[in-house]
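Enquirer: Handing you a structure now.
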Amino acid sequence: MSWRTVRKAVDSVWPEPRKQLPPRPTALDPYKSVIDGMLQADLDAPRKQRNTITRIFHRLVEEHAADVSYQMVRRYVSDRKPQILVESGKAPIEAFVPQTHQPGMEAEVDFGDVTIRLAGELVTCYLFSFRLSYSGKAVHRVFASCGQEAFFEGHVHALRTLGGVPRSKVRYDNLKAAVARVLGLSRARVEADRWIAFRSHFGIESFYCRPGIEGAHEKGGVEGQIGYFRRNHFTPVPEVDSLAELNELVDQWDLHDGRRRIGSRPRTIDEYFQVERPLLMPLPEEPFETGRLFTPRVDPYSQIAVRTNRYSVPVRLIGKRVRVVLHASHLVVYDRNVEVARHERLIAKGGCRLDLAHYLEALIRKPGAFPGATALEQARSAGKFTPVHDAWWAAAVRAHGDTAGTRALIEVLLLARHISHEHLVAGLAMALRAGALTADAVALEARKVAQAEDEPAGHPSPADAGGAATVTFLHEWRLAHLPPDTTPLPSVTHYDQLLRRRRASGGEHREGEAQ
């Protein structure tokens, strides 16, 4: 190194600051003021009609014949745009104040969308999350919608799982299930009537965050919790046959997450929750009806319309009004306080869910409508109408003809109201192997299978018996189940004595005639 460098090191412990060279000129320098003008004009322009980086680049080329590259424009705009926002005063710096939450006092609630593969179909559902602010204990539930029914049922499940209600406020965003109208920029809200009744029943004190993305940080705990739960438990996409099966997995995941630590906390979530749980308010003794009530009229197709979807009811109710209680995952139909139908709730709009059992009384009078019935196709898709049904039906049609064979199958399906589905399918299989193509034979074989299951181990069931299948006729089955007869068998000895005496008197008479 040169002696000048050595002299500088001897004279000063710290090296001299490096001399700043002036910035090198670029081809963009003549147009920087033009770009600044575009960015300043965007401050008052509509949000969706502002200049993008690509648009600024094209305007420079088309309007000013600038010989610049896109990368050069992008670097300048990325650095200059935040500075212009600060200079205009429209991008104030927002400070966040750390908060301390007392045990048993506060909680946060929110919905998050999740994608699952339900019965082989990719659908979007909604994850309800209720999180205690002190311990971080969270309870989740997956629903087909994020409507008011799901909102209420999620609360009921979470509060029962936690064993109490927070004593102070529960933070919400302005979802329609709770808020009917937002009153300006204040915290005042016009709440939905059923939500007022629900939170009054449980003693919940509601606190609503600011509308939009600006208020998301006011319940940042549950926002982050939903993201963590979705990344760790819904990746990869879960495949289930029903939402009930998925919610059983969600309950197990909640238990598993209770053993983790949040950030640098010294104890786990469950350890903090043990401190918080005794401080929660007790739950009310009386339940709250979370379902929503409808009173539709049954149309000529034996269907009712509920929330853009249609569901079947028994044909005897055509023309009558029924009472429907709509829940988050299912709906129940009542006729004069008697349950007449229960369906799983449809997720998509404009759908139709039909139960074949609701149309059997009409189909037995119109057997020709059975092969093309929509309810039959849905029963096949759901696995309720099995290949055994189809095989028995085809055999009955060959033996009795189309009308009589189809009517015989409908009579078999009516047996499902008194015999379980598994026993009925087993009875159909046995009757088919034996060639017994009547509803009475199927009913008898199904009852034999049911009785065989109730017998102690060691007795072979009819379905397990080897060889050719046999069908016991009704009179034989009744005789086999009668109590033993202890009456002695009848005797005809006295009548035999009369016959011998008659033969003797007849012989004497013939001898007299001969003499």
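The values are calculated or read from the model by the stated rules, or taken from the named source; none is laboratory data. Small disclaimer: the values here were computed from a predicted structure and weren't measured. Heads up, the Cβs are rebuilt from the backbone with ideal geometry, glycines too, and the neighbour counts pull from every protein chain shown. SASA here: full protein model, heavy atoms, side chains in, ligands and nucleic acids out. Shrake-Rupley method; radii C 1.70, N 1.55, O 1.52, S 1.80 Å.
Enquirer: If you roll a 1.4 Å probe over the chain with all protein chains in place, what percent of the accessible area is carbon or sulfur?
Expert: Looking at the chain in its full context, I get 54 percent from C and S.
Enquirer: Starting from the 7 Å offset along Cα-to-Cβ, what nm value, one decimal, do you get for the label separation of E239 and H58?
Expert: Result for the modelled spin labels: 4.4 nm.
Enquirer: Would you mind working out the accessible area per residue for the chain, using a 1.4 Å probe, and quoting it in Å²?
Expert: Per-residue accessible area for the chain comes out at 62 Å².
Enquirer: Kindly sort T308, T115 by accessible area of their heavy atoms, largest first, with the probe set to 1.4 Å.
Expert: T308, T115
Enquirer: What is the local net charge at A439, summed over the other residues whose Cβ is closer than 12 Å to its Cβ (Lys, Arg +1; Asp, Glu -1)?
Expert: -2
Enquirer: I'd like the distance separating the alpha-carbon centroids of region 352-400 and region 1-42, in whole Å.
Expert: After rounding, the separation between the Cα centres reads 85 Å.
Enquirer: Further, regarding this structure: What do you reckon, how do W3, W392, W253, W14 stack up by accessible area (1.4 Å probe), largest on top?
Expert: Descending accessible area places them as W14, W3, W253, W392.
Enquirer: In degrees between 0 and 90, to the nearest 10, how far off the longest principal axis of the chain does helix 402-414 point, with axes built from Cα atoms?
Expert: 70
Enquirer: Mind checking the dipole of region 73-135: about its Cα centre, +1 per Lys or Arg Cβ, -1 per Asp or Glu Cβ, Debye to the nearest 20?
Expert: Dipole of region 73-135, to the nearest 20 debye: 460 debye.
Enquirer: What's the angle, to the nearest 10 degrees (0 to 90), between helix 32-41's Cα axis and the longest principal axis of the chain?
Expert: Orientation of helix 32-41: about 50 degrees from the principal axis.
Enquirer: Around R365, what is the net charge, scoring Lys/Arg as +1 and Asp/Glu as -1 over all other residues with Cβ under 14 Å from its Cβ?
Expert: Around R365, the charge tally is +1.
Enquirer: Kindly provide the helix-only [θ] at 222 nm of the chain, computed as the sum of -39,500 (n - 2.57) over DSSP H runs of four or more divided by all residues, to the nearest 500 deg cm²/dmol?
Expert: -13000 deg cm²/dmol
Enquirer: Over region 272-389, one equal point on each Cα, no solvent: what is log10 I(q)/I(0) by the Debye formula at q = 0.17, 0.21 Å⁻¹?
Expert: For the requested q values the scattering log ratios are -0.87, -1.22.
Enquirer: Further, regarding this structure: Please tell me which of these pairs span more than 31 angstrom C-alpha to C-alpha: K320/K448; K349/K384; K8/K81; K90/K219; K384/K448; K137/K384?
Expert: Cα-Cα > 31 Å for K320/K448; K8/K81; K137/K384; rest within.
Enquirer: Still on this structure: Pop a pseudo-label 7 angstrom from the Cα along the beta-carbon direction at both I262 and E87 and give the gap in nm to one decimal.
Expert: Each label point is offset 7 Å from its Cα along the Cβ direction, giving 4.3 nm.
Enquirer: Tell me which of Q102, H157, T115 sits at the most positive position along the dipole axis of region 48-187, charges placed on C-beta atoms (Lys, Arg +1; Asp, Glu -1).
Expert: It is Q102.
Enquirer: According to the square roots a ≥ b ≥ c of the eigenvalues of the Cα gyration tensor, what is the shape class of region 58-121, taking rounded for a/c under 1.5, prolate for a/b larger than b/c otherwise, and oblate for the remainder?
Expert: Judged from the Cα gyration tensor, region 58-121 comes out oblate (a/c at least 1.5, b/c at or above a/b).
Enquirer: Please give, to one decimal in nm, the separation of the simple spin-label points placed at R4 and T486, each 7 Å out from Cα toward the Cβ.
Expert: 13.4
Enquirer: Pull out the extension gain between A65 and E361, defined as 0.36 nm times the separation in residues minus the alpha carbon to alpha carbon distance; nm, one decimal.
Expert: 98.4 nm
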